[in-house]
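The values are calculated or read from the model by the stated rules, or taken from the named source; none is laboratory data. Remember, predicted model here, so these are calculated numbers, not experimental data. With ideal geometry, Cβ positions are generated from the backbone for all residues, glycine too; neighbour counts draw on all protein chains shown.
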Amino acid sequence: DGGITQSPKYLFRKEGQNVTLSCEQNLNHDAMYWYRQDPGQGLRLIYYSQIVNDFQKGDIAEGYSVSREKKESFPLTVTSAQKNPTAFYLCASSRGKFTGNTIYFGEGSWLTVV
Amino acid sequence: AQTVTQSQPEMSVQEAETVTLSCTYDTSESDYYLFWYKQPPSRQMILVIRQEAYKQQNATENRFSVNFQKAAKSFSLKISDSQLGDAAMYFCAYRSRSNAGNMLTFGGGTRLMVKP
């Protein structure tokens, strides 16, 4: 089945550690996105990438980093500089640069700082 | 920057009845896209319906329809014949048509409860 796979589903991080959330898609989509969702709130954009080897900061990029070495993969690293990383993280993708293309979402990853 | 506002944190509806969720947005652009996404307890975001701003006709998908009022910058979602499976968080989202606006801007969400 085609879709977006995020892993792990649940992740616990100790203070001061970097962690990486995986996002893989087999939809042949050019654009990929990372969103953060805090309890009871909407989604906020962290980073997005419209093409391989290129990515742009979203509204809340501080404390996060990404890479886009392959079309199907867009991992997100939550660094120790992110002061409040406990949240639900959603990866998404869409076809091409045409902004009318629908954005599809993965099932998300829960990150908790312990 | 665009903003999206959902003024109803929670709504409830009786099964088989109709409910309308409100959404307003602020933009200086004339061409854009609007979406409603559903987020059930599983947390996955599911596209419910989309509307192109240049189309005057309101979008419809089975029991889901929108009332798009461009001048008022309003985009409400109507759910007819509500079912228990409709219970979820609903998010309104905006997407610019310009090349720079390749991402979705979300409202804060409305929690819909369906009473049997």
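Table: residues versus (1) aromatic (Phe, Trp, Tyr); (2) not in a loop (DSSP other than H, G, I, E, B).
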| site | (1), (2) |
| --- | --- |
| A:Cys23 | no, yes |
| A:Tyr35 | yes, yes |
| A:Ser65 | no, yes |
| A:Asn84 | no, no |
Response to the item:
Of the residues in segment B:84-95, those that are within 7 Å of chain A (Cβ to nearest Cβ) and at pLDDT 95 or above number 1
Worksheet item: For A:Phe88, which of the numbered conditions (1) farther than 28 Å from B:Ser98 by Cα; (2) without any contact (Cβ under 8 Å) to a residue 24 or more places away in the chain; (3) at the interface with chain B (Cβ under 10 Å from one of its Cβ atoms) fails to hold?
Response: (2)
Fill in: Enumeration of residues in segment A:86-110 that are out of contact with any Ser or Thr (no Cβ under 6 Å at 6 or more places or on another chain) and in a loop (DSSP other than H, G, I, E, B)
A:Arg95, A:Gly96, A:Lys97, A:Phe98, A:Thr99, A:Gly100, A:Thr102, A:Gly106, A:Glu107, A:Gly108
Discussion item. Which count do you get for residues in segment A:1-40 that are over 18 Å from A:Val113 (Cβ atoms) and not aromatic (Phe, Trp, Tyr)?
Written reply: 19
Practice prompt. Give just the number: which of (1) more than 8 Å from chain B (Cβ to nearest Cβ); (2) touching a residue at least 24 places away in the same chain (Cβ under 8 Å) does A:Gly108 not satisfy?
Written response: (1)
Worksheet item: From the residues in segment B:1-17 that are surrounded by 13 or more Cβ atoms within 10 Å (Cβ to Cβ), among the aliphatic types (A, V, I, L, M) and away from chain A (no Cβ under 13 Å), which one is farthest from A:Thr5 (Cα to Cα)?
Response: B:Val13
Fill in: Pairs, first facing chain A (nearest Cβ under 9 Å) in segment B:30-47, second of a type in the set (S, T, N, Q) and surrounded by fewer than 17 Cβ atoms within 10 Å (Cβ to Cβ), C-beta under 7 Å, six or more apart
B:Leu47/A:Thr102
Response to the item:
If we take segment B:18-116, then strands (runs of 3 or more DSSP E) inside it with 1 or more residues that are out of contact with any Gly (no Cβ under 9 Å at 6 or more places or on another chain) and crowded, with 17+ Cβ neighbours inside 10 Å are B:19-21, B:32-39, B:46-52, B:64-69, B:74-79, B:88-96, B:110-115
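Which of the following residues is within 12 Å of another protein chain (Cβ to nearest Cβ), among the polar types (S, T, N, Q) and part of a loop (DSSP other than H, G, I, E, B): A:Gln41, A:Gln56? Show your work before the answer.
Working: A:Gln56 fails: part of a loop (DSSP other than H, G, I, E, B).
Checking each option against the conditions leaves just A:Gln41.
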Practice prompt. For B:Ser65, work out the one condition from (1) more than 14 Å from chain A (Cβ to nearest Cβ); (2) at pLDDT below 95 it doesn't fulfil.
Written response: (2)
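Residues are listed down the side, and each one gets a yes or a no for (1) surrounded by 13 or more Cβ atoms within 10 Å (Cβ to Cβ); (2) under 16 Å from A:Ile103 (Cα atoms); (3) basic (Lys, Arg):
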{"position": "A:Thr5", "(1), (2), (3)": "yes, yes, no"}
{"position": "A:Phe12", "(1), (2), (3)": "yes, no, no"}
{"position": "A:Gly16", "(1), (2), (3)": "no, no, no"}
{"position": "A:Leu21", "(1), (2), (3)": "yes, no, no"}
{"position": "A:His29", "(1), (2), (3)": "yes, yes, no"}
{"position": "A:Gln41", "(1), (2), (3)": "yes, no, no"}
{"position": "A:Ile46", "(1), (2), (3)": "yes, yes, no"}
Practice prompt. Take B:Ser98 and decide whether it is within 18 Å of A:Gly42 (Cβ to Cβ) and either away from every other protein chain (no Cβ under 14 Å) or modelled with pLDDT under 95 (or both).
Written response: no
